[in-house]
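Data block below; observations after.
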Amino acid sequence: MGDTSGFQAAEFRLVLGHFPTGVVVVTARTASGPVGLSVNSFTAVSLDPPLVSFCADRRSTSWARIRSAGAFCVNILAEDQEALSRVFARRGADRFDGVGWTPAPSGAPRLDGVLGWVDCAVEVVHDGGDHEICVGRVHDLDVTEGDGPLVFYRGGYGRFEA
Ligand SMILES: Cc1cc2nc3c(=O)[nH]c(=O)nc-3n(C[C@H](O)[C@H](O)[C@H](O)COP(=O)(O)O)c2cc1C
């Protein structure tokens, strides 16, 4: 952490981990095949124009490929897709092995069984410290009939109950 802060990295992670989020898999089509990574920093940004964002670690090799592809699909994971969330964060594995998908209008993979998808073009990338903030312009989106969302909270997975 920067030397002006009065807290440690562990405290930062602990406190921010108390903010519950959903989990998405951000995918893209590249010349060398499909790419994707698990992300919980996804959020809606603007309705007019329609913009969304997520934060990507500067060290992420998947993010570098998504950025150069210029388009991506956000796949909103359902409560029974915890395993998928783990696979798409694992290095060295073929993340798409055994995973069913169809191409979104941009060509980016739309994963089977997700709650919804948002197909985007990279609009702008902002500096975000050790991350980059990717703002995407939404070109198409839809929801599918399904159960509840996968929830990420304090480093673990759970379900939503109204
Ligand atoms: C639940 C969950 C949420 C995550 N959220 C993010 C995120 O918002 N941004 C990010 O860069 N990485 C996030 N990650 C980690 C990336 O998925 C992981 O670092 C990446 O897949 C590493 O592989 P790569 O080098 O191929 O990109 C998350 C992982 C999990 C399991």
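The values are calculated or read from the model by the stated rules, or taken from the named source; none is laboratory data. In this text the structure is predicted, and so the values were computed from the model without any measurement. Because the Cβ atoms are built from the backbone with ideal geometry, glycine has one as well, and the counts that use them run over all protein chains shown. Areas reflect the complete protein model, heavy atoms only, side chains present, ligands, DNA and RNA absent. Shrake-Rupley method; radii C 1.70, N 1.55, O 1.52, S 1.80 Å.
Projecting the Cα positions of GLY148, ALA83, GLY22 onto the charge dipole of the chain (unit charges on Cβ atoms of Lys, Arg, Asp and Glu, taken about the Cα centre) puts ALA83 furthest along the positive direction. Solvent-accessible area of VAL122, all protein chains in place: 40 Å² (probe radius 1.4 Å, heavy atoms, ligands and nucleic acids excluded). Among PHE19, PHE96, PHE72, PHE7, the order of accessible area from largest down is PHE19, PHE7, PHE96, PHE72, computed with a 1.4 Å probe on protein heavy atoms.
Heavy-atom accessible area for HIS18, with the other protein chains in place and a 1.4 Å probe, reaches approximately 80 Å². Applying a DSSP loop filter and a limit of 16 other Cβ atoms within 10 Å to the trypsin sites (Lys or Arg not before Pro) in the stretch 38-130 leaves ARG58, ARG59, ARG90, ARG91.
Just check the stretch 9-159 against the gyration tensor rule for me: Cα atoms, a ≥ b ≥ c as the square roots of the eigenvalues, rounded for a/c under 1.5, and otherwise prolate or oblate depending on whether a/b exceeds b/c. Rounded is the answer for the stretch 9-159, as its axis ratio a/c remains below 1.5.
Each Lys and Arg contributes +1 and each Asp and Glu -1, all at the Cβ; summed about the Cα centre of the chain, the dipole is approximately 540 debye.
Give the accessible surface of the stretch 9-159 per residue, rounded to a whole number of Å², with probe radius 1.4 Å and ligands, DNA and RNA excluded. The partial results should precede the final answer.
Values: 8290 Å² over 151 residues.
Averaged over the residues of the stretch 9-159, the accessible area is 55 Å².
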